[in-house]
1. What residue, of Gly44, Gly83, is open to solvent by less than 10 Å² (accessible area, probe 1.4 Å), out of contact with any Phe, Trp or Tyr (no Cβ under 6 Å at 6 or more places or on another chain), at negative phi and not charged (D, E, K, R)?
2. Taking into account only those residues within the range 50-74 that are of a type in the set (D, E, K, R) and within 15 Å of the ligand (Cβ to nearest atom), which is most open to solvent (accessible area, probe 1.4 Å)?
3. Can you list the helices (runs of 4 or more DSSP H) found entirely within the range 125-207 that contain at least 2 residues being under 19 Å from Leu88 (Cα atoms)?
4. Exactly one condition in (1) open to solvent by 60 Å² or more (accessible area, probe 1.4 Å); (2) within 16 Å of the ligand (Cβ to nearest atom); (3) modelled with pLDDT of 95 or more; (4) not in a helix (DSSP H, G or I) is false for Val112; which is it?
5. Quick check: anything in the range 224-233 at pLDDT below 95 and away from the ligand (no atom under 16 Å from the Cβ)?
6. Whether any residue in the range 228-243 is over 30 Å from Phe177 (Cα atoms), open to solvent by 70 Å² or more (accessible area, probe 1.4 Å), of a type in the set (Asp, Glu) and part of a helix (DSSP H, G or I) is what I want to check.
7. On the basis of being out of contact with any strand residue (DSSP E or B) (no Cβ under 6 Å at 6 or more places or on another chain) and modelled with pLDDT under 95, does Asn151 make the cut?
8. Which number in (1) open to solvent by 70 Å² or more (accessible area, probe 1.4 Å); (2) away from the ligand (no atom under 12 Å from the Cβ); (3) under 28 Å from Ala126 (Cα atoms) marks the one condition that Leu164 misses?
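The values are calculated or read from the model by the stated rules, or taken from the named source; none is laboratory data. As the structure is a computational prediction, the values presented were derived from the model and not from experiment. Note: ideal-geometry Cβ built from the backbone for every residue, glycine included; neighbour counts use all protein chains shown. The accessibility values were calculated without ligands, DNA or RNA, using every heavy atom of the protein model including side chains. Shrake-Rupley method; radii C 1.70, N 1.55, O 1.52, S 1.80 Å.
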Amino acid sequence: MLKMTTRKLIEKKQKGTKIVTITSYDYAFAKLVDETKIDLVLIGDSLSMVMLGHKNTLTVTMEEMIHHTKAVACGITNALIVGDMPFLSYKVDLKDAVYNAGRFIQAGAEAVKIEGGTEILPIVKAMIDADIQVMGHIGLTPQAIYKFGGNLVQGKTTETAKKLIMDAKNLEKAGVFAIVLECIPWQIAKIITKSVSVPTIGIGAGPYCDGQILVIHDMLGINTDFKPKFLKYFGNVGAEIRKALLAYKDEVEKSVYPAIEHAYDFPKEDLDVVTKWVESADLDAEAEKLKAKKG
Ligand code: KIV
């Protein structure tokens, strides 16, 4: 696969080909993801929970996001790399927003994602004017959980559903290359997907989006504390890691690992010399002599 671009993603929608996207936060996972030819990798601010152990996305900083973006970028050859702009990095001041988006690009991202609808159009425009590609994110935008009163499905009334549809239209017109739809009824996601020319990427938004995204630690079964309705485990990697660690612990404790086949050999004739020397030498005195020589 050649390098994925925002233009190719839009072409995928036009051809009706599903878009596969996922989060990653470090080099090792990014490399595995890239080998599978997944279209887009998001360094999500979900790293706040899955990598740093925080309770929500509100506490992750620009510095932490940039640090992880650099690591992910080192592991990616094919996928489009998108950096997720953290809370307070883009809604406070327009100039700071563009500057912070630019820092993601300097760290190796090829686009940024920001949360919000019609109210953030000036931010989207300013970033695009600065040649930074933007991905939208509407519905349950986790940076607004206190406004929503928790991780609640959005767009469940006629008014809020209409607002989501208009937000998507406005984001499309402002120039975003894709829109994440998070936790909204599937029928509304289907309407949005039909109404906009840019791809919709769903998470908890049903099967009719142009593509899907999941948090990698959730779908691999590493982070099992969080189990929303939309989540499906595609692996049981957490259990596998636990099994491997317990086996390692057991073998070390029982002196099974390492066996001689895991160890480096020393030539027999030289070993005789060393053994004889150890038997006859005053090791403390020899060690002191070495220290004195170094000093
Ligand atoms: O932070 C994140 O991981 C996200 C996606 C799940 C859309 O925003």
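1. Working: Gly83 fails: out of contact with any Phe, Trp or Tyr (no Cβ under 6 Å at 6 or more places or on another chain).
Being open to solvent by less than 10 Å² (accessible area, probe 1.4 Å), out of contact with any Phe, Trp or Tyr (no Cβ under 6 Å at 6 or more places or on another chain), at negative phi and not charged (D, E, K, R) holds for just one of Gly44, Gly83, which is Gly44.
2. Narrowing the range 50-74 to residues of a type in the set (D, E, K, R): 55, 63-64, 70.
When the remaining residues are screened for being within 15 Å of the ligand (Cβ to nearest atom), the result is 55, 64.
Working: Lys55: 167, Glu64: 59 Å².
Here the residue is Lys55.
3. Fully inside the range 125-207 and qualifying: 145-148.
4. Failed condition: (1).
5. Within the range 224-233, the subset at pLDDT below 95 is 224-227.
Imposing the further condition that a residue be away from the ligand (no atom under 16 Å from the Cβ) reduces the set to 224.
Yes: one or more hits.
6. Initially, the range 228-243 is screened for residues over 30 Å from Phe177 (Cα atoms), giving 235-243.
Retained after the next criterion (residues that are open to solvent by 70 Å² or more (accessible area, probe 1.4 Å)): 236, 240-243.
Adding the requirement that they be of a type in the set (Asp, Glu) leaves 240.
Cutting the leftovers down to part of a helix (DSSP H, G or I) gives us 240.
Within the range 228-243 (the criterion being over 30 Å from Phe177 (Cα atoms), open to solvent by 70 Å² or more (accessible area, probe 1.4 Å), of a type in the set (Asp, Glu) and part of a helix (DSSP H, G or I)), the answer is yes, since at least one residue qualifies.
7. Working: out of contact with any strand residue (DSSP E or B) (no Cβ under 6 Å at 6 or more places or on another chain): yes; modelled with pLDDT under 95: yes.
When the stated conditions are applied, Asn151 passes them.
8. Evaluating Leu164 over (1) open to solvent by 70 Å² or more (accessible area, probe 1.4 Å); (2) away from the ligand (no atom under 12 Å from the Cβ); (3) under 28 Å from Ala126 (Cα atoms) leaves (1) as the failure.
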